[in-house]
Amino acid sequence: MLEFLNFTDAKSFVLQERFLYACGFSSHPNERMLQALLAVVKVKKLILEGPDSTKVESEVQMYLLALKNSLLPEAIPIFTKYAESEVGAYNTISLTALQRYDVNLMTNEVKLTVNRVYHQNRRIYEKNVRAAAADVILSSNPSYVEVKNLLLSIGNLPYEMNKYMLSKIQDILRFQLPASKVIQQAMKDMISHNYDRFAKVGSSSAYSGFMAQSADVTSTYSLDILYSGSGVLRRSNMNIYGASNGAMLHGLQVAIEAQGLESLIAATPDEGEEDLESFAGMSALLFDVQLRPVTFFKGYSDLMSKMFSMSGEPMNVVKGLILLTDHSEVIQLQSGLKASAEFQGGLAIDISGGMEVSLWYRESKTSVNNRGALVVTGNVTVDMDFMRAGVEVSFETEASLDFITTVQFSEYPFLVCMQMDKTTFPFSESVSKYESLSSGKSIASHKSKKQLVPGSEFPLHQENSNMCKRVFDSSW
């Protein structure tokens, strides 16, 4: 397979990419195969030296994304270096990559660098870069001093950044995330916690909630959205996590970033963002695997052509079939008999997103659409000389989760409404039991259940609910 793919041939990158995705999503990763892959193309050496080997921005981003997926400890100094780069895309990739590492690998040098970026000690950074730096600080066992400095910065930040940081702090406290204790300690100081700082207004927000809770599994979601001072989207970030028996899986992340759109509504860009090129794009992370980003448009001319040719259809980010589990084992029973068990589970997934801007209606919409279908089958059989008995089970469902942000900039302050909807979805399960004798006589029974699970809209903060009411009242 590796000889056929020929990783030295750049023309075969589509097949190579699909093969690497298959390795990343494999239910039974083969260590020997991965070692052979590393030996053939010298991947580790290539991606570690890659960012400094080229000056082409797209190639540097490619290497940084590869390092982000690898989670190599040796890549931390590289991310630390590029976190302070003069290119905003390098900053964002590096900071979001550092957030994925184990807290124990966050050295003092890394923390000092991230704090320098947030507080702009050496130069001015874009707001979404500073927001990413704040996320790293708050998720890496922050010290009392780090948290206090973050709190003291609220009120001195750009308009929407103030609101975003305030929402972030309140969300950590409400959801009782690990940093909540040290934040509570720092907030006892009235200089850092007072009405002047904590009464900031704006449309940006950060919110976390539960999707499902049971004795064995907990699923949570988070929605972070940051706007520019003129009300134009800068970054939206949706995450879904699963936790079970102390283990955590980052199931899904879909991020949309936009910049340089202030000229469309004759607005003034924020500090440090005056010369940004018009751009909008989306990136996704699926089961802890970073996928290739998608660009909606880049450059003012491309933006204008897309605006006049937009069909409203979302752009596909990833579509495919994933084998989630393929398990087989023989269980020794206490009676001396052996039971054979086999389980298989597959997932079909389709993630797409889009961004629309209407100058006529003075409205913009961003949408992230997640579609998925899950099938799990299993059987357990016991074979004896004179008899065979078994149970077969199956489970099927398909679901849809949509995240839509609507911004109306016909008045000031702008009206912003966020919606996270789960549509009604079918659910079916079946159980079959059978027994057969060597004489040919057999007995079988079958039970099945089908039902529709009603859709719902996931709750966000009360300010968003009030704003959505105004948006939809004004649209009628």
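The values are calculated or read from the model by the stated rules, or taken from the named source; none is laboratory data. Since we're looking at a predicted model, the values are computed, not measured. All Cβ positions, glycine included, derive from the backbone under ideal geometry; neighbour counts span all protein chains shown.
Observations on the model:
- Residues located in segment 1-30, provided they are surrounded by fewer than 13 Cβ atoms within 10 Å (Cβ to Cβ) and either under 27 Å from the mean Cα position of the chain (by Cα) or at pLDDT 75 or above (or both): F13, V14, E17, R18, A22, H28, P29, N30
- Pairs where the first residue, in segment 434-450, is over 11 Å from F386 (Cβ atoms) and the second is surrounded by 10 or more Cβ atoms within 10 Å (Cβ to Cβ) and among the acidic types (D, E), C-beta under 8 Å, 6+ apart: Y434/E392; S442/E435; I443/E435; A444/E435; S448/E429; K449/E429
- Considering segment 328-359, the residues that are within 32 Å of the chain's Cα centre (by Cα) and free of Cβ contacts under 8 Å to residues at least 24 places away in the same chain include one that is nearest to D385 (Cα to Cα), namely S328.
- Against the numbered list (1) in contact with an Asp or Glu (Cβ under 9 Å, 6 or more places away or on another chain); (2) over 27 Å from F198 (Cβ atoms), A97 comes up short only at (1).
- Hits in segment 188-221 - residues which are in contact with a strand residue (DSSP E or B) (Cβ under 6 Å, 6 or more places away or on another chain), assigned to a loop (DSSP other than H, G, I, E, B) and crowded, with 16+ Cβ neighbours inside 10 Å: S203, S204
- Residues satisfying the stated conditions in segment 11-35, i.e. assigned to a loop (DSSP other than H, G, I, E, B) and either over 14 Å from V318 (Cα atoms) or touching a helix residue (DSSP H, G or I) at 6+ places or on another chain (Cβ under 9 Å) (or both): S26, S27, H28, P29, N30
- The number of residues in segment 247-285 being surrounded by 16 or more Cβ atoms within 10 Å (Cβ to Cβ), part of a helix (DSSP H, G or I) and touching a Ser or Thr at 6+ places or on another chain (Cβ under 8 Å) comes to 2.
- Check on C468, hydrophobic (A, V, I, L, M, F, W, C) and not in a strand (DSSP E or B): yes
- Contact map, segment 380-392: first residue under 12 Å from S340 (Cβ atoms), second residue of a type in the set (D, E) and surrounded by 12 or more Cβ atoms within 10 Å (Cβ to Cβ), Cβ cut-off under 6 Å, separation 6 or more or different chains; pairs are A389/E435.
- Taking segment 320-373 as the range and being of a type in the set (G, A, S) and out of contact with any strand residue (DSSP E or B) (no Cβ under 6 Å at 6 or more places or on another chain) as the test, the residues that pass are G320, S335, G336, S358.
- Positions within segment 206-249 being among the aromatic types (F, W, Y) and within 21 Å of E457 (Cα to Cα), in sequence order: Y207, F210, Y221, Y241
- Enumerated helices (runs of 4 or more DSSP H) restricted to segment 37-102, each holding at least 1 residues that are surrounded by fewer than 15 Cβ atoms within 10 Å (Cβ to Cβ): 43-49, 57-70, 76-82
- N141 passes every criterion in (1) within 11 Å of E84 (Cα to Cα); (2) part of a loop (DSSP other than H, G, I, E, B) apart from (1).
- Filter result (aliphatic (A, V, I, L, M), at pLDDT below 80, in a strand (DSSP E or B) and surrounded by 14 or more Cβ atoms within 10 Å (Cβ to Cβ)) within segment 295-322: V317, V318
- Of residues in segment 223-246 being assigned to a strand (DSSP E or B) and hydroxyl-bearing (S, T, Y), the one surrounded by the fewest Cβ atoms within 10 Å (Cβ to Cβ): S244
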